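Just so you know, all these numbers are worked out from the coordinates, no wet-lab data involved. Computed from a prediction, not measured in an experiment: that's the story for all the values here. Please note: Cβ atoms are built from the backbone with ideal geometry, for glycine as well, and neighbour counts cover all protein chains shown.
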Amino acid sequence: MIITHTLRALVAALPLAAVTLPALADIKDYEFQLAQSEFKQGNGVVMTVKLIDKRSGKPVPDAVIFAKRIDMEPEGMATMASPIEALPASETGAYSFRTNLVMEGSWRLSLGAKVQGETGTLENKLILKALP
Ligand SMILES: [Cu+2]
């Protein structure tokens with residue numbers, strides 16, 4: 001009987017307990033940020049982004065970047081894309097890529113990622129510049 005009563009009390013308390021838990025993270029709490037946004041135009045450009053938890057400002061490691069694209073959409077040339085390859089991480093929460101900025105001007109880096117422990121997909125578009 002005591003056990004039954006305890007269980008009943010626990011079950012009754014569950015909805016309240018759920019309400020008082022800290023708010024769960026949302027995929028919108030995360031953001032990719034460019035470590036640097038200006039590069040010398042040319043081949044072999046290495047770009048680094050940091051994945052930041054906006055609530056804490058801390059870098060987030062081990063994201064799975066399943067989509068990446070760089071193109072000149074900001075210059076009205078969305079179809080002008082360049083090859084882009086992932087490089088090993090240089091530090092925790094940092095993600096690096098090598099590309100060929102074949103033309104001076106503004107480029108758009110589009111990333112799609114899964115964050116460990118979060119549902120949903122993070123999609124960010126970052127603007128960078130290729131300078132002469
Ligand atoms: Cu172009």
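Values for this structure:
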read-out: Gain in span if fully extended, Glu75 to Asn124, counting 0.36 nm per residue against the direct Cα distance; value: 15.8 nm
read-out: Overall dimensions of the stretch 25-131 as given by Cα atoms, namely Rg and Dmax in Å; value: 13.6, 39
read-out: Separation of alpha-carbon centers, the stretch 60-80 and the stretch 91-132, rounded to whole Å; value: 5 Å
read-out: Contour minus Cα-Cα distance for Asp53 and Leu87 (0.36 nm per residue); value: 10.1 nm
read-out: Sequence of Ser90, Ser110 once ranked by neighbouring C-beta atoms within 10 Å, starting from the fewest; value: Ser90, Ser110
read-out: Counted charge near Lys68, where neighbours are those whose Cβ lies closer than 12 Å (Asp, Glu -1; Lys, Arg +1); value: +1
